[in-house]
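K.L.:
Following this message is one structure expressed as structure tokens.
Where a number appears in this text, it was derived from the coordinates with a stated rule and is not lab data. Being a predicted model, the structure only gives us computed values, none of them experimental. Here the Cβ positions follow ideal geometry from the backbone for every residue, glycine too, while neighbour counts run over all protein chains shown.
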Amino acid sequence: MSQQSATPAPKHGLLAGKVAVITGVGAAETIGAVTAGLFVEEGARVVATDISGAQNETAAEIGPAAVPFQADITSEEQVAALFAFALDTYGRVDILVNVAGVPGSRRTPEITVEEYEAISSTHLLGTLLTNKHAVRAMAPTGGGAIVNFSSAASFNIDERISPAYSAAKSGVNSLTKSFAVHHGGQGVRVNAVAPGFTLSKKNTRVPAEALAQLSGKAALGRPGTPQEQAQVAAFLASDRASFLTGVVIPVDGGWTARLA
Ligand SMILES: NC(=O)c1ccc[n+]([C@@H]2O[C@H](COP(=O)([O-])OP(=O)(O)OC[C@H]3O[C@@H](n4cnc5c(N)ncnc54)[C@H](O)[C@@H]3O)[C@@H](O)[C@H]2O)c1
């Protein structure tokens, strides 16, 4: 066991005593970084992972209950190494939150094979591999909870959103249900959060006109915050959601409730 396992398990909070692997923990104000911070506040110990290297600074800011690990979720070798590291560090894995994703910016006429492949592999292969290795890590201790990040764009179509992104996120919903059905017997619950337009770091750079249009889509008339996405992920990962599995929850301020 490594030195970090000496970090005591916090006794209070929604996720007290849980060990969570969280992907997509990029720079501050990405949904993954905010999720990692909230999970630690709620009593979890976290392995914070990202492809970019930003997980190192983010984990340092969160404190000793967050340990960084660099991995590309489309590489099975790296995903296996991530879960081996989590088991070596903390001795168990109770939770996976798979937040990592890439946005799709190009519409139908401009989309390229390269962009389709990058979007598909990150969302589909990345979800498949992280969920597969999470189940392997969780099963020996009686199970756990997986939360995948889908999108409101997985349900219906908006002209501003890449078709490859919408299709890949629909696939994330299907994988979520598949893993829930295949592994419920091992005590593993698998659900997804489907965010609507959310002011994560990258979306703070959206031009004012597009910001107003996207915010106006929500019944609540405003964008969501990374914290609002993280709170739902924390609930789904917690024992309070003990009879919830195989569902995809829109966290979109009512965007998908509209007829158009
Ligand atoms: N922000 C929104 O409005 C919104 C809406 C719907 C869905 N989502 C989904 O929520 C999730 C987080 O959104 P965000 O706005 O924080 O995104 P973001 O692009 O700011 O952060 C995503 C993180 O994933 C990491 N990543 C990308 N590819 C990876 C790979 N192969 N392996 C490991 N890490 C990788 C990136 O380095 C980055 O740090 C994504 O899955 C996104 O599709 C976001």
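K.L.:
Would you mind checking which residues have amide H under 5 Å from VAL248's amide H? H placed 1.01 Å from N; only 5 or more apart, or other chain.
P.N.:
ALA192
K.L.:
Next question. Based on DSSP H runs of at least 4 residues, each adding -39500 (n - 2.57), what is the mean residue ellipticity at 222 nm of the chain after dividing by all its residues, to the nearest 500 deg cm²/dmol?
P.N.:
-11500 deg cm²/dmol
K.L.:
P(r) for the chain, please, calculated from all Cα pair distances in 10 Å bins and given in %.
P.N.:
Binned Cα distances yield the sequence 8, 32, 38, 18, 4, 0.
K.L.:
Would you mind giving the three semi-axes, in whole Å and largest first, of the ellipsoid equivalent to the range 50-132 according to its Cα gyration tensor?
P.N.:
Here the semi-axes work out to 28, 15, 9 Å.
K.L.:
Normalising by the residue count of the range 199-260, find the relative contact order in percent from Cα pairs under 8 Å and 6+ residues apart.
P.N.:
41
K.L.:
Relative contact order for the chain using alpha-carbon pairs under 8 Å, separation at least 6, rounded to a whole percent?
P.N.:
19
K.L.:
What order do you get for 227-236, 187-196 when each peptide is scored by the mean count of other beta carbon atoms within 10 Å, highest first?
P.N.:
Answer by packing, highest mean first, reads 187-196, 227-236.
K.L.:
Rg/Rh for the range 164-260 to two decimals, with Rh computed the Kirkwood way over all alpha-carbon pairs.
P.N.:
Rg/Rh for the range 164-260 comes to 1.03.
K.L.:
Next up: Based on other C-beta atoms within 10 Å, arrange ASP50, ASP239 from fewest to most.
P.N.:
Ranked by crowding around the Cβ, least crowded first: ASP239, ASP50.
K.L.:
A further question follows. Can you give the relative contact order of the range 142-260 as a percent, counting alpha carbon pairs under 8 Å and 6+ residues apart?
P.N.:
Answer for the range 142-260 is 35 percent.
K.L.:
When the Karplus curve 6.51 cos²θ - 1.76 cosθ + 1.60 is applied with θ = phi - 60°, which whole-Hz ³J(HN,Hα) does each residue of the range 103-112 get, with x for Gly and Pro?
P.N.:
x, x, 9, 8, 8, 3, x, 9, 5, 10
K.L.:
Taking amide H positions as placed 1.01 Å from N in the peptide plane, with prolines and chain starts having none, which residues 5 or more places from ARG189, or on another chain, fall under 5 Å of its amide H?
P.N.:
Long-range HN contacts for ARG189: GLY144, ALA145, ILE146.
K.L.:
While we're here: From the phi of every residue in the range 242-259, what ³J(HN,Hα) in whole Hz does the Karplus formula 6.51 cos²θ - 1.76 cosθ + 1.60 yield, where θ is phi - 60° and glycine or proline is x?
P.N.:
Coupling constants for the range 242-259: 5, 10, 10, 8, x, 10, 10, 9, x, 10, 9, x, x, 4, 6, 7, 6, 5 Hz.
K.L.:
Could you derive backbone 3J(HN,Hα) for the range 160-170 from the dihedral phi with the Karplus parameters 6.51, -1.76 and 1.60 (θ = phi - 60°), listing whole Hz in sequence and x where the residue is Gly or Pro?
P.N.:
7, 9, 4, x, 5, 5, 4, 5, 5, 5, 4
K.L.:
Given +1 on the Cβ of Lys and Arg, -1 on the Cβ of Asp and Glu, and no further charges, what dipole in debye does the range 3-251 carry about its Cα centre, rounded to the nearest 20?
P.N.:
600
K.L.:
Follow-up. Using the structure shown, select from LYS18/LYS201; LYS169/LYS201; LYS11/LYS169; LYS18/LYS217; LYS18/LYS132 the pairs with a Cα to Cα distance greater than 31 angstrom.
P.N.:
Table pairs above 31 Å Cα-Cα are LYS11/LYS169; LYS18/LYS217.
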